């Protein structure tokens, strides 16, 4: 944790990877303006919060500003994707829409790394904080698997589609299940998207997807934890790509 306007500003100038910045609501001066501008350029989310929120984070002299340093460095999606194509690799990405539980996130990262996913893509806002618990739950996978933080997943999906990737949504809002999908869909350049624990994939993102697939279930409870669902979905993709040994 960093606290104080100048330490946070200096961290941004130094290029340190920050996860989130909290600024006291209603504060306007040159330092907060500089922090906001540098954070925007670095895709670091800034939240304007009341004093109670800041006091709950630290009792030290925070001067109306608290930030969390990320334990990982985020990767730029455009250059990462270009690198995959240049190396002759077939892209296999995982997008997480508003997965907010740290342990779910860490478990998904662990599964993704094991099954050959080449990068995780998360939104700058509304995603789980990548902290020590997330890294621990991932069994170190977050130190190996690149994570891309994007300001707008809608624009990200458009970029991926224009780059030749098929966007596959895992959602119960589909009549087509995993056993019925064309193998070529999953064996080519693909980005799988998983939705939030509460309400699944945002409808505005779901409309942009090329393929919607549901996981077939025969029990009375017709829903799965997102971490479990991600594991099933990624295994099926990996199987078609010859990566899972099944």
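The values are calculated or read from the model by the stated rules, or taken from the named source; none is laboratory data. These figures come from a predicted structure and were not determined experimentally. FYI the Cβ positions are ideal-geometry reconstructions off the backbone, even for glycines, and counts take in every protein chain you see.
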Practice prompt. Considering (1) more than 16 Å from the chain's Cα centre (by Cα); (2) within 15 Å of residue 237 (Cβ to Cβ), say which one residue 170 fails and leave the rest.
Written response: (1)
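Here is a yes/no grid of residues against (1) surrounded by fewer than 17 Cβ atoms within 10 Å (Cβ to Cβ); (2) under 25 Å from residue 39 (Cα atoms); (3) within 11 Å of the chain's Cα centre (by Cα):
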residue	(1), (2), (3)
124	no, yes, yes
137	no, no, no
148	no, yes, yes
157	no, yes, no
161	yes, no, no
177	yes, no, no
185	yes, no, no
188	yes, no, no
200	no, no, no
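For (1) under 24 Å from residue 216 (Cα atoms); (2) touching a strand residue (DSSP E or B) at 6+ places or on another chain (Cβ under 9 Å); (3) buried (at least 18 other Cβ atoms within 10 Å of the Cβ), each residue gets a yes or a no:
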{"site": "69", "(1), (2), (3)": "no, yes, no"}
{"site": "81", "(1), (2), (3)": "no, yes, yes"}
{"site": "94", "(1), (2), (3)": "yes, yes, yes"}
{"site": "102", "(1), (2), (3)": "no, no, yes"}
{"site": "107", "(1), (2), (3)": "yes, no, yes"}
{"site": "118", "(1), (2), (3)": "no, yes, yes"}
{"site": "121", "(1), (2), (3)": "no, yes, yes"}
{"site": "144", "(1), (2), (3)": "no, no, no"}
Fill in: Elements of type strands (runs of 3 or more DSSP E) in region 10-121, at least 2 residues being farther than 30 Å from residue 169 by Cα and either in contact (Cβ under 8 Å) with a residue 60 or more places away in the chain or in the same structural domain as residue 208 (by TED's automatic domain parsing) (or both)
65-69
Discussion item. Please go through region 1-46 and give me each residue that is more than 25 Å from residue 59 (Cβ to Cβ) and in contact with a helix residue (DSSP H, G or I) (Cβ under 8 Å, 6 or more places away or on another chain), ordered by number.
Written reply: 13, 34, 38, 42
